[in-house]
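K.L.:
Mind having a look at this structure? Questions to follow.
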Amino acid sequence: MIEGIKTIIYPVKDLAGARATYSALLGVEPYMDEPYYVGFSVEGQDIGLDPEGHKKGMTSPVAYWHVSDIKAGVQALLEAGAQPLQEVKDVGGGKLVASVTDADGNVIGLIQPA
């Protein structure tokens, strides 16, 4: 079951600068502020800043679809012709993420909340 796009993660090189910029844009302080990830929550939308994103191959923000069964979601996308990008990974607290690319190279992110 798809719950919609609820998370967008931006690759950033200057985490402190990005934190300040997005705090000003969103009008809130981050709910998570770690050296490896800064997360904001606004009206049910999560905005994340990933200082390792560029090293992971992110060239632009990635929208993540929230799903109830990430393994089934990834498998369905692969069977439909998508190519694997990031295998299912626990990013803490039981939250699972994965990504694939479509035929045009666009990244499709999936998240299974904890």
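Every read-out reported here was derived from the displayed coordinates using simple, explicitly stated rules and does not represent laboratory data. Because the structure is predicted, anything quoted here is derived from the model rather than measured. Neighbour counts run over all protein chains shown; Cβ positions are idealised from the backbone, glycine included.
K.L.:
Just grab the label-to-label distance for Y31 and I2, each label 7 Å out from Cα along the Cβ direction, in nm (one decimal).
P.N.:
Each label point lies 7 Å from its Cα, and together they span 2.3 nm.
K.L.:
Still on this structure, please answer the following. Find the Rg to Rh ratio for the stretch 2-112, where Rh is the Kirkwood radius over alpha-carbon pairs and Rg uses the same atoms.
P.N.:
We get a ratio of 0.97 for the stretch 2-112.
K.L.:
Another question, if that's okay. Less than 12 Å from a label point 7 Å out along the Cα-to-Cβ axis of A63: which backbone N atoms in the stretch 1-18 qualify, by residue?
P.N.:
4-9
K.L.:
Please report the net charge: other residues with Cβ closer than 15 Å to the Cβ of Y37, K and R +1, D and E -1. Mind dumping the intermediate values first?
P.N.:
On the way: positive: K13, R19, K55, K56, K89, K95; negative: D14, E29, D33, E34, D46, D50, E52, D90.
Once positives and negatives cancel, what remains is -2.
K.L.:
Now for a different question. If you build a Gaussian network model of the chain, linking Cα atoms that sit under 10 Å apart, which residue out of V28, V88, V97 swings the most?
P.N.:
Maximum fluctuation in the GNM of the chain, among the listed residues, is at V28.
K.L.:
Could you give me the ³J(HN,Hα) list for the stretch 52-58, computed from phi with Karplus coefficients 6.51, -1.76, 1.60 and θ = phi - 60°, whole Hz, x at Gly and Pro?
P.N.:
Coupling constants for the stretch 52-58: 9, x, 5, 5, 7, x, 6 Hz.
K.L.:
Report the residues of the stretch 83-98 in range of a label on Q75: point 7 Å along Cα→C-beta, backbone N strictly under 14 Å from it.
P.N.:
88
K.L.:
Which lysines, on any chain, are close to K56 with Cα under 20 Å apart, when same-chain ones fewer than 8 places away are left out?
P.N.:
The reachable lysines, counting only those whose Cα sits under 20 Å from K56, are K13, K89, K95.
K.L.:
Return the single residue from E43, E87, E79 with maximal mean-square fluctuation; model: Gaussian network over the chain, springs between Cα atoms under 10 Å.
P.N.:
Fluctuation is largest for E43.
K.L.:
Rounded, prolate or oblate: which fits the stretch 49-114 when a ≥ b ≥ c are the square roots of the eigenvalues of the alpha-carbon gyration tensor, with rounded for a/c under 1.5 and prolate only if a/b beats b/c?
P.N.:
oblate
K.L.:
So for the chain, averaging the separation of alpha carbon pairs under 8 Å that are six or more residues apart and normalising by length, what relative contact order in percent results?
P.N.:
It rounds to 26 percent for the chain.
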